[in-house]
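Structure first, commentary second.
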Amino acid sequence: MFRTGYHLVDISPWPFSGAMSVLGITSSLVGYFHRAPLMWVYVFGSISLFLLVFTMVRWWSDVVVESTYLGCHTSLVVRNLRVGMVLFILSEVFFFVSFFWAFFHVSIGEISMRTIGQWPPLGVKAIYPWKVPALNTAILLGSGMSVTWAHKAVSVHNKCPAGVLNPNVSSGSISPEEYNNLVEKGSCYQKQAIFSMVLTVALGAFFMCIQYEEYYMASFTIADSAFGSTFFIMTGFHGMHVFVGTVFLFICTLRLIYRHFSFNHHYFGLDAAIWYWHFVDVVWIGLFFAVYVWGY
Amino acid sequence: MASLIRQVSRLARQNILVNLVGARAASSGVPPSQSINEKTRDNPLTSVEDEVRVNQEGFFSEMKRRSSDPAATSTPGELKITGASDGIPEFGEVELGSVAGAHRAELLEQLRGSEDPFDVGLIKQGQFGAGTHETPIIVPTCEGSRLVGCVCEEDTGEVVWMMIHSNEKKSCDCGNWFQGVSVPGARTH
């Protein structure tokens, strides 16, 4: 038994099945574009989609098992996971940078100034930003605050059994009476963490409901000039990221209830979900001021 | 297999086999024999003053032991892991929860006061007062030689690479001294 601090993973079918599922999805999509028989497209596409969801569920639950139940995630592994999550979020940032670039190119680029002439283009009725989109901004900012509350509650609870600070054996900083006092008062952090995580998930779901309503009630479509294209691509991809972030936070809420994040178990999953949620929030702020406010 | 058997005479000449027996004694806390150092003791530049003890915490503890910092050499108090039925530890106990595997091993080593549970061995310049000619940074080797990279200052863009052999004391151009030491039972260069 060699004592390396790194995690050498066991053999697993999920990378292969994930690759095959994505191959199936793209193949059925290409077949749909090229007028393949619809029955084949639907059957093959839905099987591949199901396989993709199945792979994601099983792979990430394997990660949860390896971290919480097998103890493979030492501090060296967690440090590497942090770097990995930062790089992933950075790649998503650049994904959105490309759409913002396209938006500014069509709205104030030289050719657009000559052909379209004004923004929003003539005939397109843009959404008034200081009603519903401002509400969405408030929702996401509020969910950012509640998720920070959850993080603080979890990290206090993480350092304290039953929410109480465990004094260092050799330091002797507090007396036994103070310690027992803290034991009695300290168990509220788990409840606070669960409440704030549920609040965050609820706010995220509320955001998606409002966006769906906005999409339904909008007077323009994705086909309505460059305005519609850029608007729906940007808000659509942002909505997909909100969905992924909400699901991630929901899973973290379940893990919190199962006490995966309790004493000495500050696993990185919650940190990753919160970073992703803050990234989603920041992208919405950019969207709000660039597309809604400035574009009105 | 045959090549391993052929190595026995070479190892016997280098008194490694004696040290293998000594290594077992070392892990139980008894200092091993010093026969490996006899041929290098006369050379002041490359001698190892005393055999380096390799205990479970690796070379960090050895660096602490050699340093003159009194706080570094103090041992922590006895570690009492709670057996409380409700999971809430008593005053003075430590609770680990249901941590398992390598994570548990790391937590236990840290609670025992080890700073480097996995022997990463990243020793900063000036940590434990090491890096001088008198107290060099100890570089453990299993093969008889090891590649060492010196980051001379904290924000330096380049790493100075050098090969250090066992029982050899070498310095980087910035003045950082390294000492190669064989782990008991390993080959010398």
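The values are calculated or read from the model by the stated rules, or taken from the named source; none is laboratory data. None of these values were measured; they are calculated from a predicted model. Glycine gets a Cβ as well: all are built from the backbone with ideal geometry, and neighbour counts include every protein chain shown.
General observations
- For region A:2-21, residues that are within 20 Å of residue A:74 (Cα to Cα) and surrounded by 15 or more Cβ atoms within 10 Å (Cβ to Cβ) total 2.
- Looking only at region A:22-72, residues that are under 22 Å from the mean Cα position of the chain (by Cα) and of a type outside the set (D, E, K, R) come to 18 in all.
- Close pairs from region A:1-30: first within 14 Å of another protein chain (Cβ to nearest Cβ), partner assigned to a helix (DSSP H, G or I), Cβ under 6 Å, at least 6 apart: A:5/A:76; A:6/A:76; A:7/A:77
- Any hit, region A:115-122, residues being farther than 28 Å from residue B:115 by Cα, part of a helix (DSSP H, G or I) and outside the structural domain of residue A:236 (by TED's automatic domain parsing): no
- Filter result for residue A:196 (at positive phi, touching a residue at least 24 places away in the same chain (Cβ under 8 Å) and assigned by TED's automatic domain parsing to the domain that holds residue A:103): no
- Meets criteria (modelled with pLDDT under 95, under 25 Å from residue A:93 (Cα atoms) and surrounded by 19 or more Cβ atoms within 10 Å (Cβ to Cβ)) for residue A:249: no
- Per this entry, residue A:100 is not counted among residues that are closer than 18 Å to residue A:271 by Cβ and away from chain B (no Cβ under 14 Å).
- Residues of region B:126-169 satisfying the condition of being surrounded by 14 or more Cβ atoms within 10 Å (Cβ to Cβ), in a loop (DSSP other than H, G, I, E, B) and under 16 Å from the mean Cα position of the chain (by Cα): B:130, B:131, B:135, B:136, B:144, B:166, B:167, B:168
- Scope region A:41-74; condition of a type in the set (A, V, I, L, M) and not in a helix (DSSP H, G or I); matching residues: A:70
- Options A:96, A:100: the member that is surrounded by 15 or more Cβ atoms within 10 Å (Cβ to Cβ), farther than 27 Å from residue A:258 by Cβ and over 16 Å from the mean Cα position of the chain (by Cα): A:100
- Within region A:211-244, tally of residues that are small (Gly, Ala, Ser) and either in a helix (DSSP H, G or I) or not assigned by TED's automatic domain parsing to the domain that holds residue A:99 (or both): 6
- Residues of region A:32-62 that turn out to be surrounded by 12 or more Cβ atoms within 10 Å (Cβ to Cβ) and either of a type in the set (Lys, Arg) or touching a residue at least 60 places away in the same chain (Cβ under 8 Å) (or both), as a count: 2
- Of all residues in region A:69-76, one or more are surrounded by 14 or more Cβ atoms within 10 Å (Cβ to Cβ) and in contact with a Leu (Cβ under 8 Å, 6 or more places away or on another chain).
Residues checked against (1) in contact with a Phe, Trp or Tyr (Cβ under 7 Å, 6 or more places away or on another chain); (2) part of a helix (DSSP H, G or I); (3) more than 30 Å from residue B:116 (Cβ to Cβ):
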{"residue": "A:76", "(1), (2), (3)": "yes, yes, no"}
{"residue": "A:100", "(1), (2), (3)": "no, yes, yes"}
{"residue": "A:107", "(1), (2), (3)": "yes, yes, yes"}
{"residue": "A:139", "(1), (2), (3)": "yes, yes, yes"}
{"residue": "A:146", "(1), (2), (3)": "no, yes, yes"}
